[in-house]
1. Looking at (1) closer than 23 Å to residue 415 by Cβ; (2) part of a loop (DSSP other than H, G, I, E, B); (3) within 20 Å of the chain's Cα centre (by Cα), which is the one condition that is false for residue 215?
2. Kindly indicate whether residue 405 is surrounded by fewer than 20 Cβ atoms within 10 Å (Cβ to Cβ), at pLDDT below 95 and touching a Ser or Thr at 6+ places or on another chain (Cβ under 9 Å).
3. Is it the case that residue 205 is within 20 Å of residue 64 (Cα to Cα) and touching a residue at least 12 places away in the same chain (Cβ under 8 Å)?
4. Kindly indicate whether residue 414 is modelled with pLDDT of 95 or more and under 24 Å from residue 304 (Cα atoms).
5. Please return the ranges of helices (runs of 4 or more DSSP H) entirely within the stretch 86-145 where 2 or more residues are assigned by TED's automatic domain parsing to the domain that holds residue 175 and at pLDDT below 95.
6. Out of 381, 342, 425, which single residue is of a type in the set (A, V, I, L, M, F, W, C), in contact with an Asp or Glu (Cβ under 9 Å, 6 or more places away or on another chain), surrounded by 21 or more Cβ atoms within 10 Å (Cβ to Cβ) and assigned to a helix (DSSP H, G or I)?
7. Among the numbered conditions (1) of a type outside the set (S, T, N, Q); (2) under 23 Å from residue 14 (Cβ atoms); (3) part of a strand (DSSP E or B), tell me where residue 433 comes up short.
8. Within the stretch 119-166, restricting attention to residues that are over 20 Å from the mean Cα position of the chain (by Cα) and closer than 14 Å to residue 269 by Cβ, which residue is surrounded by the most Cβ atoms within 10 Å (Cβ to Cβ)?
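The values are calculated or read from the model by the stated rules, or taken from the named source; none is laboratory data. Everything numeric in this text was worked out from a predicted model, so none of it was measured. Cβ sites come from the backbone with ideal geometry, for glycine too, and all protein chains shown count toward neighbours.
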Amino acid sequence: MLYNPPSMTALLDRWRVPAGELRAELARGRKPGEMVCLGCAAKVELVQTVYPVLEELARWLREKTKISLQPRDDVYLFPTDGEIELTRGRYAVSDLAAGRTAQVTEDVKRARPTGLVALANFTPFPSRDKLKKAFFNFYEAADRAGVPFVVGKGHTIQIAKSEREEYFVADYVRSSGSSLWGVANNDTISSIDPNLEYASWVSLFVAMNNALNDIFLSGVTRGIRIYPTVDARDPADLPAIAAAMAKYRAFVAPLGIEIVEQPPLGFGTKSMGTTVVGVTDREVPINQRLQPGQILIATRPVGDLAPLTEILIRQSLDEDTSDLQELRERVLTEMLTPNVEAAKLIARHLPAKGEPFDRARHVLSCRDMTGPGILAVEELAQDSGNDVYVHDIALHDERIASVDMPNPTSGTNGAIIIGADEAVARRLHAELREIGYRPWVIGRVERASREPRILINRALARYGFVKGVRKGIFDRYEFVDERGVPHFAEP
């Protein structure tokens with residue numbers, strides 16, 4: 001399926017950056033001097049590296065400490081009365097790996113957190129052993145403080161150029177009460193478009209939107225605070241970053257978002273991101289609530305990073321990129337648009353806190369497609385314990401499918417998957433279109449399974465990245481004949 005251009009009269013247009021303003025910034029760009037990981041492609045490899053360490057860590061924490069891990073989800077979810085304190089600790093990975101962790105214990109004693117949002121940055125392709133030493137030593141030191149807390153969300157990236165740029169940021173969250181739900185998340189990237197200056201407002205806007213996306217898909221639009229996780233390799237970039245942050249503050253002012261100024265991380269690395277917190281009086285649609293028979297829709301097409309990656313590849317070969325510039329502008333416009341209108345719509349389809357979910361009226365599950373793209377369907381399947389049938393993949397442009405990258409569906413501030421019964425999904429699809437989104441039907445949740453599989457419409461084998469030479473992008477999958485899904489008519 002191909003992308004359809006957005007309307008220019010819808011509610012979502014109020015959040016779109018003017019085309020002329022974006023083009024002026026793109027015209028100021030320059031050819032990059034280095035190859036970089038774009039957007040959420042900066043994540044450390046999850047399946048073979050991060051997840052095995054986290055599984056071992058979870059067992060150890062459960063048996064040996066007062067610290068626990070929240071099940072995987074897009075946000076740290078916790079009860080609150082609305083008052084949320086955040087205290088930041090910053091540590092060198094080299095110190096953690098070497099056991100120099102006294103500061104961690106002192107910080108936990110002082111902050112007395114109820115929860116933690118963690119950000120870890122390594123050099124590319126760190127070993128499991130390196131992650132394990134840093135993570136285990138950190139949590140062992142934290143446990144010595146004698147303060148029980150929940151590790152609510154972690155983000156592990158690989159944008160350090162040397163070991164001295166490797167860091168571990170611990171945002172200690174403290175809250176009490178239970179009248180509301182609190183949510184917290186961190187997302188941090190390095191660059192969204194290497195043809196722009198590192199400190200470009202475009203990169204900062206996308207980085208902030210990217211972190212907000214995880215709480216927006218939870219239906220959260222109240223009490224939002226931003227705690228930037230920003231750094232620079234060149235100190236001369238810091239004034240431009242501050243100016244970009246001031247521009248973003250004005251941009252989100254209608255939402256009542258507070259930006260809590262933080263000093264640079266201080267590790268001399270190109271980091272652009274933030275921890276965000278917010279509150280809601282609604283129940284939150286988490287992965288585990290997805291049920292057989294439900295329909296999965298996505299808010300917009302996918303493949304944000306592929307055109308930018310293709311431009312980078314061609315430039316390294318001194319090849320022409322003029323045919324990709326309109327597509328580049330299009331995907332950047334999507335990433336520059338915060339998903340606040342989707343958040344409002346999701347919230348209207350959620351029960352009040354403490355009330356049960358009703359499949360006939362409510363959204364049961366939402367998932368961010370930002371980093372994994374279509375692979376987010378597999379995460380939903382695993383977390384909910386259901387097979388999922390993938391009927392279609394909507395790309396911004398058919399050329400995206402042939403970009404030489406393992407998963408060209410990945411993005412930043414990406415599309416949101418919404419899982420609901422057919423009648424609710426049909427209503428949401430129509431409302432998303434009215435707002436200005438371009439929703440599409442991914443597929444359907446099949447039967448419950450102890451070893452969930454992705455059942456792929458055989459027609460999608462035309463995409464090489466789905467099938468692969470030896471293995472496709474999904475872990476457990478099989479191709480099946482078209483099973484059909486409800487058709488939600490275009491207006």
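1. (2)
2. yes
3. no
4. no
5. Per the criteria, 128-143.
6. 381
7. (3)
8. 166
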